[in-house]
Amino acid sequence: MAHETVLVIDDEQLIRRSITKRLGVAGYRVLEAEDGRTAIERASTGVDLAILDYRLPDLDGLTILKRFREIDPDVLVILLTAYASVETAVEAMKLGAYHFMNKPFDLEALAAMVEQALETTRLRREVRQLRATQAEPYSLDRMIGDSPALRSFKALVTRVAASPASTVLLTGESGTGKDLTAKILHYSSARAGRPFVNITCSALPETLLESELFGYERGAFTDARQQKKGLLEQADGGTVFLDEIGEMTPPLQAKLLRFLEEKAFRRVGGTADVHVDVRVIAATNRHLDDEVRAGRFRDDLFYRLNVLPLVLPPLRAHLADVPALVAFYIDAFNREFKKNVRGASSAALRALSDHTWPGNVRELRNAVERAMLLATGDMLELDDFPIAAARAARDTYAIALPTDGLDLEEAEKSLVRQALERTGWNQTRAAKLLGLNRDQIHYRIEKFKLAPQTAADHGK
């Protein structure tokens with residue numbers, strides 16, 4: 001039995017009563033109004049659908065329709081009129097009318113239309129509930145930790161989420177949580193009730209990525225048998241997350257730039273502009289300024305994307321948050337794996353907090369997942385984390401300090417040079433030998449002005 005509320009608005013009592021009686025049999029709660037002002041007053045109390053006569057003693061149907069949309073954008077309206085015209089129908093549909101029915105009408109056909117319209121309402125509610133459920137995991141609370149670096153970043157995310165529809169550029173090392181940050185930005189914004197669409201730019205070839213983003217017209221290419229809306233259209237009112245934007249080809253960069261500047265694009269094979277309202281969040285682990293200088297990324301697109309830049313801190317910049325992250329992941333995997341692990345030992349936490357985590361939060365999560373899968377006790381021990389255990393073992397190695405002391409900077413310089421020479425000046429491998437990342441060893445090469453020795457150097 002249905003329980004939705006239907007408002008019937010018509011100045012003819014006989015028509016109101018016949019509709020009310022028929023919908024009452026179907027189980028709907030029916031309200032009546034004989035003029036526009038009464039209708040607006042009753043709509044403000046909450047209705048699911050309105051059956052609206054176009055001509056009323058005080059207000060016309062389009063005016064009432066506008067007021068209904070202001071009261072509740074989701075209310076559906078079926079417009080009735082004996083004075084139908086194409087112009088009226090078009091205007092009504094533009095204002096959000098669900099359907100248009102001419103008088104005189106078949107009562108059974110109207111009842112069927114009401115059921116169809118309310119089914120649409122039910123689906124909308126389910127979608128809203130689903131989106132609300134989806135939003136819960138993407139609150140700011142999902143950024144686990146309370147270190148100064150993370151608190152500062154959270155405050156910035158909050159400000160960016162509340163900002164108007166400017167573009168956002170997320171940069172940072174792989175594994176720092178750019179996908180999570182994008183979802184938090186969306187679900188913490190005024191766009192939370194609208195779609196969040198995620199596309200990885202490196203996952204598709206150029207032609208497929210273009211049709212996925214912008215859609216295509218029927219006949220645009222061999223398999224285009226019908227028109228298809230792209231992700232930008234599907235996300236209208238919401239957010240599009242373009243992950244790995246640095247992999248996008250120059251022709252697509254040009255099309256994306258036009259969209260960002262004009263909020264309009266053309267489907268593949270189309271001639272008409274399509275206008276949508278979306279917020280674009282882009283992400284990359286590349287240094288886009290370097291890509292611009294190398295000519296691989298458009299400078300105008302970079303500046304257009306970089307309106308609100310957010311640089312995600314690597315885990316090594318907030319190692320104080322490691323214990324909280326470990327506790328969070330243990331709790332999550334306890335539920336997933338049906339286990340009852342109480343936590344990690346102090347030795348394990350110390351080693352995990354001392355590790356540099358080149359793979360960042362993603363690497364830590366994977367390490368905890370592995371430990372949870374293999375652990376047999378109710379506590380995770382140091383030996384359950386091979387990476388951290390190996391690091392802890394290395395840290396036990398003692399270096400004898402000369403009695404007369406040493407120059408620490410010169411010692412560091414010597415170790416960096418040894419690692420570079422041992423690896424044939426392969427910076428990535430040398431960094432690994434020293435427990436650093438590539439940026440860190442590059443910094444030390446510049447700092448100490450190191451360079452490979454030439455034959456002339458050896459001859460000196």
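Just so it is clear, none of the values below were taken in a lab; they were calculated from the coordinates. Predicted model, so just to flag it, every value in this text is computed and none were measured. Glycine also receives a Cβ, built like all others from the backbone with ideal geometry; neighbour counts cover every protein chain displayed.
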**Q.** Total formal charge among the other residues, if their Cβ is under 13 angstrom from that of residue 406, Lys/Arg +1 and Asp/Glu -1
**A.** -4
(Q) Run the simple label-point estimate for residue 202 and residue 303 please: 7 Å along Cα→C-beta, distance reported in nm. (A) 2.8
(Q) Compute the helix-to-body angle for 13-25: its Cα long axis versus the longest principal axis of the chain, expressed 0 to 90° and rounded to tens. (A) 50
Q. If you line up the long axis of helix 360-374 against the longest principal axis of the chain, both from Cα atoms, how many degrees apart are they, to the nearest 10?
A. 90
Q: Could you tell me the distance between the Cα centroids of segment 178-241 and segment 292-321, to the nearest Å?
A: 22
Q: Compute the label zone of residue 111 within segment 6-32: residues whose backbone N is under 17 Å from the point 7 Å along Cα-to-Cβ.
A: 6-8, 15-31
Q.
Under the rule a/c < 1.5 gives rounded, and otherwise a/b versus b/c splits prolate from oblate, where does segment 408-459 land using the Cα gyration tensor?
A. prolate
Q: Calculate, for residue 154 and residue 370, the FRET efficiency according to 1/(1 + (r/R0)^6) with r their C-beta to C-beta distance and R0 22 Å; round to the nearest 0.05.
A: 0.20
(Q) How big is the dipole moment of the chain about its Cα centre under a simple scheme where the beta carbon of each Lys and Arg is +1, that of each Asp and Glu is -1, and everything else is neutral? Debye, nearest 20, please. (A) 660
Q: Sort 174-183, 416-425 for me by packing, meaning the mean count of neighbouring Cβ atoms within 10 Å per residue, highest on top.
A: 174-183, 416-425
Q) Which of these values of Rg/Rh (Cα atoms, Kirkwood Rh) was calculated from the structure shown: [x] 0.96; [y] 1.13; [z] 0.99? A) [y]
Q. Using alpha-carbon pairs under 8 Å, 6+ residues apart, how would you state the relative contact order of segment 408-459 in percent?
A. 29
Q: Using a cut-off of 12 Å between beta-carbons, work out the net charge of the residues near residue 308 (Lys and Arg +1, Asp and Glu -1, residue 308 not included).
A: +3
Q: Would you mind ranking 248, 101 so that the residue whose beta carbon has the fewest other beta carbons within 10 Å leads the list?
A: 101, 248
Q) Which of the residue pairs 413/449; 66/94; 413/447; 183/255; 178/263 have a Cα-Cα distance greater than 21 Å in the structure shown? A) 183/255; 178/263
(Q) If I model a spin label as a point 7 Å beyond the Cα along the Cα-Cβ vector, how far apart are those points for residue 317 and residue 428 in nm? (A) 2.3
Q.
Angle check, please: helix 250-262 long axis (alpha carbons) against the longest principal axis of the chain (alpha carbons), in degrees 0 to 90, nearest 10.
A. 50
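Counting DSSP beta bridges in the chain, what percent are antiparallel, to the nearest 5?
Counting only bridges with both partners in the chain, antiparallel ones make up about 10 percent.
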Q.
Using Cβ counts within 10 Å as a stand-in for footprinting exposure, how do 45, 121 rank, fewest first?
A. 45, 121
Q. Working out 0.36 nm times the residue gap between residue 286 and residue 345, then minus their Cα-Cα distance, what length gain in nm do you get to one decimal?
A. 17.6 nm
Q) What does the charge count near residue 427 come to, summing +1 for each Lys or Arg and -1 for each Asp or Glu among other residues with Cβ under 11 Å from its Cβ? A) +3
**Q.** Computed over segment 144-311: relative contact order in percent, which uses C-alpha pairs under 8 Å that are six or more apart
**A.** 31
Q: Could you check what % of the DSSP bridge pairs in segment 5-132 are antiparallel, to the nearest 5?
A: 5
Q. Sorted from fewest to most neighbouring beta carbons within 10 Å, what does the list 449, 21 look like?
A. 449, 21
Q | Inter-probe distance in nm under a simple model that places probes 7 Å from Cα toward Cβ, at residue 102 and residue 229 | A | 2.9
**Q.** Relative intensity, log₁₀ I(q)/I(0), of segment 144-311 from a Debye sum that treats every alpha carbon as a point, q = 0.15, 0.16, 0.18 Å⁻¹
**A.** -0.83, -0.93, -1.16
